[in-house]
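Novice: Sharing a structure, written as structure tokens. Questions coming.
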């Protein structure tokens, strides 16, 4: 019989396997169109950040909101070691260092999903930009050196 800790680990493993299968199957079915689901995922997560963690969007700049999203993901979820935001004109670059989801992203890639459309950073940021009325083109790059990713948002 598994210990309580082993049960928690097995449950997390089971949920990750189900999510991996769902993401890979969705990509197989929709291809690049699966990126659109990122917005839905973000819309499901965003209210939690607002209601339970105090994220404010109204009256803030895209830079300020992305900085706060990064802080919440590090401080409240422990989802990464650090997140920084760089700005170059109409481009915002979110650098995620030490992402705990990195191994899962590698499994997605191995399963044939070239773009991690279910990435919480991407999803939440997409939902934020939609809420702010900003149109963006988003790209995700795996950043192996920092065990994370670089997510680029071009405001259009």
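The values are calculated or read from the model by the stated rules, or taken from the named source; none is laboratory data. Being a predicted model, the structure only gives us computed values, none of them experimental. Note: ideal-geometry Cβ built from the backbone for every residue, glycine included; neighbour counts use all protein chains shown.
Novice: Within the group 42, 36, 59, which residue is under 17 Å from the mean Cα position of the chain (by Cα) and modelled with pLDDT under 95?
Specialist: Working: 42 fails: modelled with pLDDT under 95; 59 fails: under 17 Å from the mean Cα position of the chain (by Cα).
The match here is 36.
Novice: Let me ask something else about it. Quick one: in region 78-97, of everything that is more than 13 Å from residue 151 (Cα to Cα) and out of contact with any helix residue (DSSP H, G or I) (no Cβ under 8 Å at 6 or more places or on another chain), which residue is surrounded by the fewest Cβ atoms within 10 Å (Cβ to Cβ)?
Specialist: Going residue by residue through region 78-97, those that are more than 13 Å from residue 151 (Cα to Cα) are 78-82, 88-90.
Still in the running and out of contact with any helix residue (DSSP H, G or I) (no Cβ under 8 Å at 6 or more places or on another chain): 78, 88-90.
Values: 78: 9, 88: 9, 89: 7, 90: 11.
Looking at the filtered set, the residue picked out is 89.
Novice: Additional query: So residue 1 passes all but one of these: (1) outside any helix (DSSP H, G or I); (2) surrounded by 11 or more Cβ atoms within 10 Å (Cβ to Cβ). Which condition number does it fail?
Specialist: (2)
Novice: Filter region 119-137 for residues that are touching a strand residue (DSSP E or B) at 6+ places or on another chain (Cβ under 7 Å) and in contact (Cβ under 8 Å) with a residue 40 or more places away in the chain; which is surrounded by the fewest Cβ atoms within 10 Å (Cβ to Cβ)?
Specialist: 134
Novice: Filter region 75-103 for residues that are in a helix (DSSP H, G or I) and more than 12 Å from the chain's Cα centre (by Cα); which is modelled with the lowest pLDDT?
Specialist: Among those that are in a helix (DSSP H, G or I) and more than 12 Å from the chain's Cα centre (by Cα), it is 103.
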